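See below for the structure under consideration.
The values are calculated or read from the model by the stated rules, or taken from the named source; none is laboratory data. A quick note: this is a predicted structure, and the numbers were derived from the prediction, not measured. FYI the Cβ positions are ideal-geometry reconstructions off the backbone, even for glycines, and counts take in every protein chain you see.
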Amino acid sequence: DAGVTQSPTHLIKTRGQQVTLRCSPKSGHDTVSWYQQALGQGPQFIFQYYEEEERQRGNFPDRFSGHQFPNYSSELNVNALLLGDSALYLCASSHTGTYTGELFFGEGSRLTVL
Amino acid sequence: QKEVEQNSGPLSVPEGAIASLNCTYSDRGSQSFFWYRQYSGKSPELIMSIYSNGDKEDGRFTAQLNKASQYVSLLIRDSQPSDSATYLCAVRRDGANDYKLSFGAGTTVTVRA
């Protein structure tokens, strides 16, 4: 049973560029959440997607956007990259119908902005 | 005030000892509480969840919740070197349309052999 998969695992961008990160949820899950984890910090909620819609959003600027596809996979897009966007981006999946708060995380995409 | 605060680490304990981790939260509406373990360079994994006041035991782990004091803790008994990791406390409000988890910054535990 495949868990949550994310790609790419590492990437380096320069300020002002745009990046797209991808996530496939665990089999049987229909909900995808994205978190940003800066070095030495806990994960911060970016947004959650369910039924191809953004269901909830954290305190992140509009430069952060996302999408969910009919097969439940998801993308996170970040425009106009800033140095402060350097972080580990974690995708977490869950099943809305049985959700108790347990999230299954992927291994993350580590973004470095130079 | 941060939503979730954890005792600053790192916490170093000898093998076989008890590691005690503390977490406080600011939102009295929080209803669900979780401890995630994160090994260096890896993603968080859930090790305990607790929803009602009192203690919950799972193997060597015991979670304790006191909603009146807005406090949740994790005890690791008979600590092993494999327990060396960062432990993240997370809370969820459980309100309608509120699905996010709020995480603390984590406490890093090192178990000395």
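Structure data summary
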quantity	calculated
Enumeration of residues in region A:72-101 that are within 16 Å of A:Gln36 (Cα to Cα) and within 14 Å of chain B (Cβ to nearest Cβ)	A:Ala87, A:Leu88, A:Tyr89, A:Leu90, A:Cys91, A:Ala92, A:Ser93
Subset of region A:68-100 [under 11 Å from the mean Cα position of the chain (by Cα) and surrounded by fewer than 16 Cβ atoms within 10 Å (Cβ to Cβ)]	A:Asn77
Complete set of residues in region B:42-60 that are more than 9 Å from every other protein chain (Cβ to nearest Cβ) and either among the aliphatic types (A, V, I, L, M) or part of a loop (DSSP other than H, G, I, E, B) (or both)	B:Ile47, B:Met48, B:Ile50, B:Ser52, B:Asn53, B:Gly59, B:Arg60
Condition check for A:Arg110: under 14 Å from B:Tyr99 (Cβ atoms), within 12 Å of chain B (Cβ to nearest Cβ) and among the charged types (D, E, K, R)	no
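Yes or no, residue by residue, for (1) assigned to a loop (DSSP other than H, G, I, E, B); (2) among the hydrophobic types (A, V, I, L, M, F, W, C); (3) modelled with pLDDT of 95 or more:
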residue: A:Leu11; (1), (2), (3): no, yes, yes
residue: A:Arg15; (1), (2), (3): yes, no, yes
residue: A:Thr20; (1), (2), (3): no, no, yes
residue: A:Cys23; (1), (2), (3): no, yes, yes
residue: A:Gly28; (1), (2), (3): yes, no, no
residue: A:Tyr35; (1), (2), (3): no, no, yes
residue: A:Ile46; (1), (2), (3): no, yes, yes
residue: A:Asp62; (1), (2), (3): yes, no, yes
residue: A:Glu75; (1), (2), (3): no, no, yes
